[in-house]
Structures are given as structure tokens and as C-alpha cells.
Amino acid sequence: MDIDQVQRSLKLRAQEAVEFARKLGVEQAEAGISYDEGLTTTVRLGALESVERQRDHGFAVTVYAKGRKGTASTSECSKTSVEETVRKAISIASFTSEDMYSGLADAELMAKKSPDLSLYHPWDIGVEQAETIAYRAEQAAQGVDVRIKNSEGASVSTGSGLHVYANSHGFCDGYPTSSHSVSCGAVAEQNGSLERDYWFTAARDPGELDSPEIIGKAAASRALRRLGARQISTRNVPVVFPAELARGLFAHLVSAISGTSQYRKASFLLNAKGDQIFPDFVDITEDPFIPKGMGSASFDNEGVATHNRKLVDQGVLSGYVLSSYSARRLGLQTTGNAGGIHNLIVQPNAGDLNSILEEKSELFLVGELLGQGVNIVTGDYSRGAAGFWVENGKIAYPVHEVTIAGNLKDMFQGIRVIGSDMDMRSKILCGSVLVEGLTVAGT
């Protein structure tokens, strides 16, 4: 697609929507328009299994009239459809209750400039090329060991899009983004026992993806190392979360300090700003301006300018994650996080995963987490798990059918090591994490 032409067209339509709402007497209005297209190709056991193409338009408008809010959306972006959607939003607003906290973010907080963060790198491949890449990944997995008996398939996904936001403060901006990935799942068999695992690579720039051979071999190796898994007795033991799973711990932090959790009083970290919630070596920053970052953005979903900040400074919580609405409910100012966080970076204090495994004579290395047993209100944490028993820095044997139990507040305080093996495939960038004080429940 001609991205510049699409961007001009969407900006014009978004501005027309806002102007039309104002013409109909609305005090404040905002509009978001998006265009996305993508391709996902999956191969299994050497044969093409599925091809999915995506091409979507989306338009949503929100109006604020005398404290009443109305929102309507459509998948059609013609001028007629947009105007009809604006009318529907105004009609909906007439039936809603007044809310003194609703409305646009303050005009002075709007982003004044949008630096190029290098978020758009289209991957010009067709079905045949994607099929070949997926096939290479699966073949690499199958060739690692004769015990790789089956495949969960390999997939190649590529997507790009453009999202534009406009409001009645006169703000109107948007930028294109892209995201690509290659994944592979492998099944290993030994003595009648089956184990599965997978691996993937993801990036905004296809030139930064790992090769399909690396992904396939990693998936197979991860499945093979799980063969011969056994149970262990219940014990209190240090637990290591590898980087790809450790980021989940900090996702729970974000949920607990989000404005919604705070004003609803549904957080185990209620009113925790200024509290020591981590050991004093823990620093967590938010950097929205990392080139090609998965969470990079110069403004949030309300047009508010993003900025660098320290969310946790020497273990002390410095602030919350707020939109304009949640900020008003709390008597605070938005942090530019309408729509979520922007590249949360957990600063390391140690080496990679191998060096972390040498920290303790015995520990449990998590390989997989199961279930959703996390209560953000109380902080209670209970997840099914599989992984590895580690002795003297080396994996002794694989483990299955255990439960990791604790409380997030204690788990945060129990962090002893944060690795430098940072996983860059999401909005939360962190390395492996060693936590003390957890119960691993088995037989």
C-alpha cells in the first residue's frame, strides 16, 4: 500500500469526523481510524496447512456532551458512514449518565511533535515465500534428533497498519507500524512419553528476525530437554523465571498500578506510590522512544505526549500508569498511558541465565506456566508449572505437574537477581529473574 497516501486520507477523514461532531453541537469529540493488513501462513508436517489474509478498516468516534459520553464504531470509513457513526455516538450520549471525570485529555498535554521512531518496515513476501520460510523452520526442528516425532507446525506472520487519532483540541496525527514473526512448535517422544515446546522470533523489521533454522532448532531442543520429566516433593526453593516468562511478573505490576485498579481500589498495591515495593537495586524505567521498539510511541491513545520516566527508583514506586480519566478519578494528571505502557525496561544487575543458575546450589527453573491463578486485588499467585530442577548451576532433570505459589507483594520483595539476557519481543523488556521465598508444590 502507498502508506503516505493512506495516512493523508485517514487524517482527513478523522478531522472531518471531529468537525462534523462539533457542527452538531458536541462540546468535545475524538476520532480514531485504522487500516491494517497482514498475512499468516502455517505449515505442518511439510504441507501447507492454512493461509490467512487480513485487511481491515476501523473507525470509532467518542463524543462528550454536557458530561455525557457516547461511543460508536464502524468498519466502513466512507464519509457517509463516518457521519452516520457520529450521529449514533451523539444519540448514545443522550442516554448515558453524567460523569464529571469524562472528557478529552487537557489541550496543553497534546503532543507537539512526532519523531520518527522507525516503526514501519513492511515485509514484501507472498504466500509461497512465507510457506518456504515456515517449511525451513519445521525441517530444522525435525532434523535435530530422531526423537522429534511430530510437529505443531511452523508459522510466518507479517502485518502492517496505520492508526490515526484526532480530537477537537485540534490534534490530529498518526504513524504506520509493522510487526513480523516466525514461530515453530515441536513434539518429542521417548518411552511412550510426549513433550512439546515452541520458540519464536518477532520484530518490527523483518531484517532483525532470527533465521527459521534457529527457531526450528530452538523449538526442538526445548521439547527434547523436557523428556523424562518427573515430579518433586513440595518445597520452599528459589525460583528462576527465564526472560520470556519473567516479563509476566512485571505485567502484574502494571496491572496493579494502573489507574483503573487504583480508583476501583482493586489492587494489592493500592496507594503504594512512595512505598518500597522491590529491593533497592531494582530500577524500572519507561522509554517510549526506542527505535523499532514494540511499545514505542510519541503520543498515547488520547494524543497526550509520552515521556521518559522512572516508574520504580531504587525499589520505590514513583507513580502509576494513568489515562486522563483514571487520573481525574485519583486527583492526578495523566501519565500518557492511555492504551498501555511504552517500553517498560527492567534494569539488570547480573549476567545471563546461565550465570543466574549458578547463584544457588539448588533451584527450580520455570519452563512453562499454566493457568491464570493471579489475583491482582490480593496479590495471591498460584500457577501450574513445568520446568527443571537445577543443582550446582546445571539442569539435573525436567520437572512437571507442580504449582508455584506465593504472593506478588512478597515475590517482588523476594527478587534477588535480574539478568542481562533481555527479551526484546514485547513492551516489557527484562531478563531472567531469580525469586526467593516461593513454594513449589509437588507430591
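Some observations on this one:
- Across Ser221, Ser155, Ser233, mean-square fluctuation computed from a Gaussian network of the chain (C-alpha pairs under 10 Å connected) peaks at Ser233.
- Gyration tensor verdict on the range 154-271 (Cα atoms; rounded if a/c is under 1.5, prolate if a/b is larger than b/c, oblate otherwise): oblate
- Computed from the C-beta positions of Ser318 and Glu244, the FRET efficiency with R₀ = 25 Å rounds to 0.40.
- Relative contact order [Cα under 8 Å, 6+ residues apart], the chain, whole percent: 15 percent
- Calculated FRET value between Thr132 and Thr234, using beta carbons and R₀ = 60 Å, to 0.05: 0.80
- Members of Lys112/Lys427; Lys273/Lys394; Lys149/Lys427; Lys88/Lys113; Lys66/Lys265; Lys66/Lys427 lying beyond 30 Å, as alpha-carbon distances in this model show: Lys273/Lys394; Lys149/Lys427; Lys88/Lys113; Lys66/Lys427
- In this Cβ point-charge picture (+1 for Lys and Arg, -1 for Asp and Glu), the chain has a dipole of about 960 debye about its Cα centre.
- Phi to ³J(HN,Hα) by Karplus 6.51 cos²θ - 1.76 cosθ + 1.60 over the range 311-316, Hz, x for Gly, Pro: 7, 10, 10, 6, x, 9
- Whole-Hz ³J(HN,Hα) from phi, Karplus 6.51 cos²θ - 1.76 cosθ + 1.60, for the range 255-260, glycine and proline x: 4, 6, 9, 5, x, 4
- In straight-distance terms, cross-link reach from Lys79 covers every one of the aspartates and glutamates whose alpha-carbon lies under 15 Å from its own, apart from those fewer than eight places away in the same chain; here that gives Glu16, Glu19.
- Considering only Ala251, Ala107, Ala47, the Gaussian network model of the chain with Cα springs below 10 Å gives its largest mean-square fluctuation to Ala47.
- Of interest is the spacing of the C-alpha centroids, which for the range 7-74 and the range 317-377 amounts to 30 Å.
- Counting charges near Gln139 (Lys, Arg +1; Asp, Glu -1) among other residues having Cβ under 14 Å from its Cβ returns a value of -1.
- Approximate spin-label separation Glu368-Ser73, in nm, with each point projected 7 Å along Cα-to-Cβ: 3.3 nm
- Ordered by the count of other Cβ atoms within 10 Å of each Cβ, fewest first, Met424, Met100, Met411 give Met100, Met424, Met411.
- Which of His400, His180, His342, His307 has the fewest Cβ neighbours within 10 Å, and the rest in rising order: His307, His400, His180, His342
- Taking amide hydrogens as placed 1.01 Å from N in the peptide plane, the amide H of Phe299 sits under 5 Å from those of Thr306, each at least 5 positions away in sequence or on another chain.
- For a label point 7 Å along the Cα-to-beta-carbon line of Leu227, residues of the range 131-148 with backbone N under 19 Å: 138-148
- Cβ-based charge dipole, the range 3-224, positive-most Cα from Ala65, Thr42, Ser178: Ala65
- Taking Asn236, Asn308, Asn191 as the candidate residues, the one with maximal mean-square fluctuation in a Gaussian network model of the chain, Cα springs under 10 Å, is Asn191.
- Residue exposure sequence - Arg264, Arg136 - by fewest surrounding Cβ within 10 Å: Arg264, Arg136
- The HN-Hα couplings worked out from phi for the range 111-116 by the Karplus form 6.51 cos²θ - 1.76 cosθ + 1.60 (θ = phi - 60°) are 5, 9, 8, 10, x, 6 Hz, whole numbers, x standing for Gly and Pro.
- Estimated dipole of the range 3-224 in Debye, rounded to 20 [Cβ of Lys and Arg +1, of Asp and Glu -1, Cα centre]: 520 debye
- The residues packed around Phe388, meaning those with a beta-carbon under 9 Å from its beta-carbon, carry a net charge of +2 if Lys and Arg are +1 and Asp and Glu are -1.
- Charge context of Val6, other residues only, Cβ under 15 angstrom, K/R +1, D/E -1: -2
Throughout, read-outs are computed from the coordinates displayed, never taken from laboratory work. Nothing here was measured: the structure is a model prediction, and the numbers come from that model. Note that we place each Cβ from the backbone using ideal geometry, even for glycine, and neighbour counts take in every protein chain shown.
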